[in-house]
Structures are given as C-alpha cells and as structure tokens.
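Okay, structure first, notes after.
The values are calculated or read from the model by the stated rules, or taken from the named source; none is laboratory data. Since we're looking at a predicted model, the values are computed, not measured. Ideal geometry is used to build each Cβ from the backbone, glycine not excepted, and the neighbour counts take in all protein chains shown. Heads up: the accessible areas ignore ligands, DNA and RNA and are worked out on the full protein's heavy atoms, side chains in. Shrake-Rupley method; radii C 1.70, N 1.55, O 1.52, S 1.80 Å.
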Amino acid sequence: MTAAPLREVPPLLMLEVYAAGAFPMAESRDDPTFGLIEPRIRGILPLDGFHISRSLARRMRRGSFTASANTDFAEVVAACANREETWINPALMRLYAALYEAGHAHCIGVRAEGALVGGVFGVAVGAAFFAESMFSTRTDASKAALVWLVDRLRGQGFTLLDTQFLTPHLASLGGIELPRAAFRKLLEPAVARRDVRFGPAGPLPEAASLVR
C-alpha cells in the first residue's frame, strides 16, 4: 500500500495515477490531504461474471427503481460521503467534480418515487472503470445501481470494473479478489484502449441483458 499526502492533483495527472494502478483516499472528511493507495490485493467485479439475485431481478422488473447516467453526479458523490465515517474529503470532492466536468468521472443515480435513493460513481480510463463509492437509502438501491452500471459498461465495451476492495456486498454480486500482479495484467490493456466511451447522459432503460 502506497500513500503520499497530497492536497490537490491536476485531474489529468490523476488519470495517470489510476492507469498506473493507484487511487486516492483520505483518512477522514476532516483530513486536508489524501493519499494514493495501491493495495496488494485488489477487488474487481468481473463484467462477465456479474450475479444478480432473483429477488433483485424481480424488484427491478416491477419497476421499483428508475436510473439515469450522469444526471446526478454531485448529489451521488455527496450522498456517498454522507455517512458517519468517510474517506471522501473536500479535496477529493473537488477532484471528482473536475474529472466529471472533463468527461472522465461518471455516475449512475437510482430513484424511487422521484427521490434519489441509491447510486455509484467512478472514473473511466480507456476500457477500465474505477468504481469509487456507492450509497443506498432503500433496500437494494445500490445493488440496482451496480446492475445498471455493469449493463452500461458491457454495452460500451469496457473490460475491467475495479472495486478497489472486496466487501460481502460486492462478493454477493460476483466480486473477486486478485493479487496486485494479476490485477495489473488486466489493467494495462484496458487503460490502453482509446475506442471506449462511457456513453450518453440521461435516463437508462431496463438492464435487459442482466434482469430476466
């Protein structure tokens, strides 16, 4: 694990950090600096091994949630940081906002009855998507956000979905762990791609390839 205390990083330089296998994290929301982290063991969510439970598929087929891409970025990041303990500090919020404005950071927002109830955001470099954080204020809303994210990434030709670490929540969806060297073997060809884009902003259709 590598950490260097930083206060600001130019957005385009941060893309090089992601492409090299590291990502930013702060100790807390009150920390004025953040470090660059590269874990020995990395979590990923294989795009061809994503698992959705029958109950979640039923919930999504019933239309309990709607989703959109890149229409609620600031709100999704703020919701992800709105917890008792968070690694997202003001410096990182400014960084993600700059990356979003430059077209490199993206989000999926999930709504129920008009209210934002879940979401996920991250950074795209080539055909790699680095998922930073997700939130949920309603059962299954963050899982639904991941379903729509995976559907979008698969449709756009992405090859790698990095989750940084593996949690039980992610493992239930098919997430796995890889040693650093194995992760880099997937990372290098993915970030080298220049023909992949996250896709348009706006409402998302039912993730038909995943919800049956």
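Key figures for this structure:
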{"item": "Accessible surface, per residue, of region 1-67 when the full set of protein chains is kept, probe 1.4 Å, Å²", "result": "55"}
{"item": "Relative contact order %, the chain, counting alpha carbon pairs below 8 Å whose residues are six or more apart", "result": "28"}
{"item": "Choice from Val125, Val17, Val147 with maximal GNM fluctuation in the chain (Cα, 10 Å cutoff)", "result": "Val17"}
{"item": "Cut-off 12 Å between beta-carbons: net charge of the residues surrounding Arg111, Lys and Arg +1, Asp and Glu -1", "result": "-2"}
{"item": "For the chain, calculated [θ]222 nm from helices alone, where every DSSP H run of n ≥ 4 adds -39500 (n - 2.57)", "result": "-10000 deg cm²/dmol"}
{"item": "Size of charge dipole - the chain - debye, nearest 20, with Cβ of Lys, Arg +1 and Asp, Glu -1, no other charges", "result": "800"}
{"item": "Percentage relative contact order, region 98-165, counting C-alpha pairs under 8 Å, at least six apart", "result": "29"}
{"item": "GluC sites (Glu not before Pro) restricted to region 62-123 and DSSP loop, no more than 11 other C-beta within 10 Å", "result": "Glu84, Glu85, Glu113"}
{"item": "Leading residue at positive end of dipole, the chain (Cβ point charges), from Leu56, Ala67, Met93", "result": "Leu56"}
{"item": "Most fluctuating residue given options Gly118, Gly103, Gly126, as computed from a GNM of the chain linking Cα atoms under 10 Å", "result": "Gly103"}
{"item": "Neighbour net charge for Pro205 - beta-carbon separation under 11 angstrom, K R +1, D E -1", "result": "-1"}
{"item": "Percent RCO, i.e. relative contact order, over region 12-52, from Cα pairs under 8 Å lying at least 6 residues apart", "result": "29"}
{"item": "Most mobile listed residue (Ala171, Ala81, Ala181) in the chain, GNM with C-alpha springs under 10 Å", "result": "Ala181"}
{"item": "Net charge contributed by nearby residues that have their C-beta within less than 14 Å of Cys80 (K/R +1, D/E -1)", "result": "-3"}
